[in-house]
Amino acid sequence: MKVQQPTQIMGILNVTPDSFSDGGRYTTVDAAVTHAVAMIEQGASIVDVGGESTRPGAAAVDAKTERKRIVPVVRELVARGIPVSIDTRRARVALAAVEAGAQLINDVSGGLSDPEMARVVAETGVLYAVMHWREGGADATPDYRNVVSEVRRELKDRIAHLIVEGVKPEQIIVDPGIGFGKTPEQNWQLLGHLPQIASLGHGVLVGASRKRFLGALLPDIHADAAVGDTRTDTDISQRDAPTAVISALAARSGAWAVRVHDVASSRLALDVAEHWRIGAAT
Ligand code: PMM
């Protein structure tokens with residue numbers, strides 16, 4: 001897989017019992033594969049398999065559990081010719097996934113969680129998505145003076161470290177880490193300044209799908225106390241429309257890929273953005 005335009009879709013496959021929006025659904029290999037095949041049919045170019053939830057307050061899993069969750073799924077997807085990305089912060093889990101055929105390592109900690117990660121990336125030669133992350137991850141304190149320049153600078157530092165460790169520039173993809181220890185305002189600032197992140201000279205991956213800051217845009221369907229106050233599937237899927245709009249705008253800002261749960265709505269949004277681009281160019 002190469003970093004290229006137009007904007008690609010990375011479909012999310014969380015094989016965890018507790019991910020924030022789809023946790024518990026794809027915990028059998030069969031269910032996971034069926035969902036991955038559907039995402040490819042709907043227009044995803046790659047499926048991002050994750051075995052550890054990164055949501056705020058999520059329980060940590062050990063490496064063995066994470067590996068046992070993801071490797072059989074990666075193997076099955078690769079056997080069907082589906083390009084696979086592995087969402088992990090652990091070098092050994094990443095290596096096991098690459099040995100099973102994964103083509104991209106997606107590390108939400110940008111290499112900060114595991115000092116061995118850079119070596120695995122350099123030795124395997126696969127693509128590496130470096131997400132912006134500070135200690136504490138989703139629970140980190142959002143104490144930025146200028147979130148865009150600080151995220152850019154910290155990503156630049158991570159890239160410099162990776163290059164020293166032998167990773168090739170063309171292997172590196174950057175991600176501003178939307179929702180990870182950032183306020184809603186900071187998330188919007190990062191999205192609004194994606195070209196500044198792109199100016200690092202690497203493909204940009206954007207992961208805003210169904211995140212909490214989008215929920216704040218929706219009408220308050222819990223206003224009536226009699227309706228109850230538990231979040232339902234409908235509440236979560238209402239975030240797919242704002243997610244799709246972000247996909248289209250991210251494409252206009254030159255994103256390499258968007259990481260989304262609902263592939264069909266983002267596919268449509270990207271197709272609209274592409275027709276718009278062609279319309280403007282002809
Ligand atoms: N967000 C989540 C997990 N992995 N990876 C990248 N590169 N970027 C993200 O923004 C990102 C990620 C958390 O969302 P999920 O629980 O829905 O997977």
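Some observations on this one:
- Close amide H pairs (under 5 Å, H built 1.01 Å from N) link VAL206 with ALA257, VAL258, ARG259, residues at least 5 positions away or on another chain.
- Cα-only Debye scattering, the range 104-204: base-10 log of I(q)/I(0) at q = 0.13 Å⁻¹: -0.41
- Accessible surface, the range 152-206, averaged per residue in Å² (probe 1.4 Å): 43 Å²
- Measure of compaction for the range 101-163 (Cα Rg per 2.2 N^0.38 Å): 1.18
- Per residue, in Å², the accessible surface of the range 32-87 once ligands and nucleic acids are set aside, probe 1.4 Å: 42 Å²
- Simple Cβ-charge dipole of the range 237-282, Lys/Arg +1 and Asp/Glu -1, about Cα centre, in debye nearest 20: 120 debye
- Electrostatic tally near ALA241: other residues with Cβ closer than 14 Å to its Cβ, Lys and Arg +1, Asp and Glu -1, net +1.
- Over the range 161-207: Kirkwood hydrodynamic radius from C-alpha pairwise inverse distances, Å: 11.7 Å
- Cα-based equivalent ellipsoid of the range 78-121: semi-axis lengths in Å, sorted from largest, via gyration tensor: 20, 10, 7
- In summary, the range 20-171 shows an alpha-carbon radius of gyration equal to 1.06 times the 2.2 N^0.38 Å reference for compact globular proteins.
- Extents of the chain, largest first, come to 55, 43, 43 Å (Cα atoms, principal axes, whole angstrom).
- A cut-off of 5 Å between modelled amide H atoms, ignoring neighbours fewer than 5 places along the same chain, links ALA129 with ILE105, ASN106, ASP107, ILE173.
- With the alpha-carbon atoms of the range 64-138 aligned to their principal axes, the span from lowest to highest coordinate is 36, 25, 17 Å, starting with the largest.
- Over the chain, dividing the summed -39,500 (n - 2.57) contributions of all DSSP H runs of at least 4 residues by the number of residues returns a 222 nm mean residue ellipticity of -13000 deg cm²/dmol.
- Portion, in percent, of the accessible area of the chain that falls on carbon or sulfur, probe 1.4 Å: 53 percent
- Protection proxy ranking for 45-52, 245-252, using the average of other Cβ atoms within 10 Å per residue and placing the highest first: 45-52, 245-252.
The values are calculated or read from the model by the stated rules, or taken from the named source; none is laboratory data. Bear in mind that the values here come from a model prediction, so they are computed numbers and not experimental data. Glycine also receives a Cβ, built like all others from the backbone with ideal geometry; neighbour counts cover every protein chain displayed. What goes into the accessible areas is simple: the full protein's heavy atoms, side chains included, and nothing from ligands, DNA or RNA. Shrake-Rupley method; radii C 1.70, N 1.55, O 1.52, S 1.80 Å.
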